[in-house]
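Quick notes on the structure that follows.
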Amino acid sequence: MARINFFTEDTTYALKQKTIIKKWIEATIVAESYQLQELNFILCSDEYLLRINQDFLQHDDYTDVITFDNSEELKMIVGDIFISIDRIKENAKNFGSTTMHELCRVIIHGTLHLLGYKDKGKQAKTLMTSKEDFYLEKLELKH
């Protein structure tokens, strides 16, 4: 059975409107002609994500999101997406956005990586951003 899970590590952040967000992610996956098996979002601190970045990617810098694709079949989504709530809050402030909007952008960014989109290079980054914007417009959160 397809599942989307949200976990927290080293943060007290509580995600609101989980059901709406899960349905939105599922609709995005279906729209891109993929199937969902299991997708885990781990909301964490800067320090927690920095350790993952160092241990698994040999990068020694802070980041907002790291996506691990664990699928063994084409067009099947199985993955873990780690998101730094500290980075999200700071980026939201820097971009004049809300924490929730920035978090949803990063949630869909990580999901798009699992759907085959890249963000290295100008052309790939432009396509990724346009896809993020496209799917963000489809998200209808309650105010």
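What follows draws every value from the coordinates through simple rules; no lab data is involved. This is a predicted model, so every value here is computed, not measured. Here Cβ is always computed from backbone atoms with ideal geometry, including for glycine, and neighbour counts include all displayed protein chains.
Are there trypsin sites (Lys or Arg not before Pro) in region 112-143 that DSSP marks as loop and that have at most 13 other Cβ atoms within 10 Å, and which are they? Qualifying residues, ordered by number: K118, K120, K138, K142. When peptides 72-85, 23-36 are ranked by their average number of other Cβ atoms within 10 Å per residue, the highest-first order is 72-85, 23-36. Of interest is the spacing of the C-alpha centroids, which for region 54-112 and region 3-42 amounts to 12 Å. Per residue, the average separation of C-alpha pairs within less than 8 Å and at least 6 apart gives region 3-136 a relative contact order of 22 percent. Looking at the chain, the DSSP beta bridges with both ends there are about 25 percent antiparallel. When peptides 50-59, 101-110 are ranked by their average number of other Cβ atoms within 10 Å per residue, the highest-first order is 101-110, 50-59.
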